[in-house]
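Values quoted throughout were computed directly from the atomic coordinates according to the rules given, and no laboratory measurement underlies them. None of the values given here were measured: they were computed from a predicted structure. Methodologically, a virtual Cβ is constructed for each residue, glycine included, from the backbone with ideal geometry; neighbour enumeration extends over all protein chains shown.
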Amino acid sequence: MKMKWWKLLVLMLAFAMLFALGCADEGEEAEEAEEATETTEEAAEVEEAAPEQTVLRLAMDADPVSLDPHVQLSGGMLQYSHMVFDSLVRWTQDGQIEPRLATSWEQIDDTTLRFHLRDDVTFHSGNHFTAEDVAWTVARLKTSQDYKFLFDPFVEAKVVDEYTVDLISAEPYGLALSMATYIFPMDAAFYTGTDENGQPKDAIVKEGPSFANAHESGTGPYMVTEREQGVRNVFTRFEGYWDTESPGNIDVIEFTPIKEDATRVAAMLAGDVDMIMPVPPQDLGRVEQAEGVQLVTMSGTRIITLHMNQERREEFQDLRVRQAVVHAINNPGIVETIMKGFATAAGQQSPEGYLGYNPDLVPRYDLEMAMSLMEEAGYADGFTVTMICPNNRYVNDEKICETAVSMLAKINITVELTTMPKAQYWDEFDARVADMQMIGWHSDTEDSANFFEYLLMCPNTDTGAGQYNSNEYCNPELDALIAASATEIDPAKRAEMLQQAEAMAYEDAAFVPLHWQNLSWAGNDNLTIGDIVNVMNFPYFGDLAVQ
């Protein structure tokens, strides 16, 4: 049967509408697809334009004990300070002093050293750096248990104007500029007031929690963005850092403390980390020969010693016993066997090149002499003492102490040795919990007097003298000599004083000298490690670059 004409027309109109709708859908889908493609391409362009962060995976034998730069005077804390804070001036590799937060300085009179400061520096908090922050920091240093002796010669840091400050001493002081290497200005506004517990934010707390132990606001190249002490620390480049001419291009430092030497070296050789410090002497050859790895070494000036506590032990009050201990320790042998020759056996504190270095004061291992001295003192049968040592602070520290224990056994001194990580060690050291304790010291003023001021002067909690003298050794004549040397501006006369002080300590067997520790670093061969390291052993990581 034929379809009526009007029904056919309706059917044709329906097909036309469906066709039109289909075309519209296809057009929308095509348009949406085109838009999606454009969005993807734009995202890819943005992702391609976003720079990748340059990350340094760093492993050291231990991490900082605190975020407060004034809580402890130690190499580890100074390493940290140069990352997160900035000093007024700093040492160069050739022993000169260069500007940092201070652009220049001048001696106004015999007791006033004037510093002219940068005017473009911002703290991590966003606060602006001025002379007020320097004055505030010096005042805080004078209250620090560890630093107050160093800063006792200074009356104050006096603000002249917003970017000028005078460091004023009570008497002429030839080491004033050297002391400025210790001044890492802190953010006065950030550390002023009370914390959530009502405690002063500027409190310096060696043991226990404090605001400054857990928070930082420095002017340095890196901010602390993550911290789990003993496990992991992350330092992130501060976008507002003032030193735009620095060659450093590391955006993030992922710092992992690895106490065990073998594990630290294995991580470097396996490519799990990019840089390590230190390299243990037994692995120097292996690291040097590794493909893609560079080894950087340097003779060091850090003296490693053992202290004999004369207050705890009556035996150590006898000069003959102290001399016997010194004669019993074969420190040249320790250098040869434990340090693999990567150290210099010592008979005194001052290394060669320092004013106080006395060439007559040599190591004196002599076992027969040691046994004779013990017998003469009435201790032929010996006695028992306790000893504590760190196991991740100095190169081979635990092995050195274990070797010393076996050497003292030969003169019938039985040693009960306890070793522990650095993070626990210093509290125990400060508490003088043992009869013998290990201590290493580098004079960050590059001057002999610093050894005496902290390690051998009569301990005085008021002045801070003898802060690390766990010998409890006290010789007023030696103290007077060191005090006089501080105001002596004739180098020849000052050298004579310091050499005489070394001879006095030598004759008194005031401590057990072991060796001057050499320094070593290793890392990927595209890192500019050789440009940032120094004999003080606080690398300037802010200047480290990946080439």
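If neighbour count is taken as other Cβ atoms inside 10 Å, put VAL433, VAL385 in order from fewest to most. Could you put the intermediate results ahead of the total?
Numbers: VAL433 15, VAL385 22.
Placing the least packed residue first, the sequence is VAL433, VAL385.
For the stretch 300-518, build the convex hull from the C-alpha positions and give me its volume per residue in Å³.
About 111 Å³ per residue, rounded to a whole number.
What do you get when you divide the Cα radius of gyration of the stretch 85-182 by 2.2 N^0.38 Å, with N the number of residues?
After normalising by residue count via 2.2 N^0.38 Å, the value is 1.03.
What longest region of the chain stays clear of GluC sites (Glu not before Pro) that DSSP places outside H, G, I, E and B and that have at most 15 other Cβ atoms within 10 Å?
Answer - 353-547.
Given Cα positions, please report Rg to Rh for the chain, the hydrodynamic radius being the Kirkwood one.
Checking Rg against Rh, the ratio lands at 1.19.
Under the Kirkwood approximation for Rh and a Cα-based Rg, what ratio Rg/Rh is obtained for the stretch 201-287?
1.05
Return the calculated 222 nm mean residue ellipticity for the chain, to the nearest 500 deg cm²/dmol, obtained by summing -39500 (n - 2.57) across DSSP H runs with n ≥ 4 and dividing by the residue count.
Helices in the chain give a 222 nm mean residue ellipticity of -10000 deg cm²/dmol.
Scanning the chain for helices, which whole DSSP H stretches are 27 Å or more long along the axis (Cα) and average 0.0 or more by Kyte-Doolittle? Each step should come with its number before you reach the end.
Numbers: long enough: 5-49 (66 Å, 0.08).
Membrane-span-like by this criterion, though nothing is claimed about a membrane: 5-49.
Mind sorting TYR540, TYR147 by how few other Cβ atoms lie within 10 Å of their own Cβ, fewest first?
Neighbour counts put them in this order, fewest first: TYR540, TYR147.
Using Cβ contacts closer than 10 Å as the measure, can you line up MET298, MET407 from fewest to most?
Ranked by crowding around the Cβ, least crowded first: MET298, MET407.
Using the Cα centre of the chain as the reference point, and only Cβ charges (+1 on K/R, -1 on D/E), how large is the resulting charge dipole? Debye, rounded to the nearest 20.
Dipole size: approximately 1200 debye.
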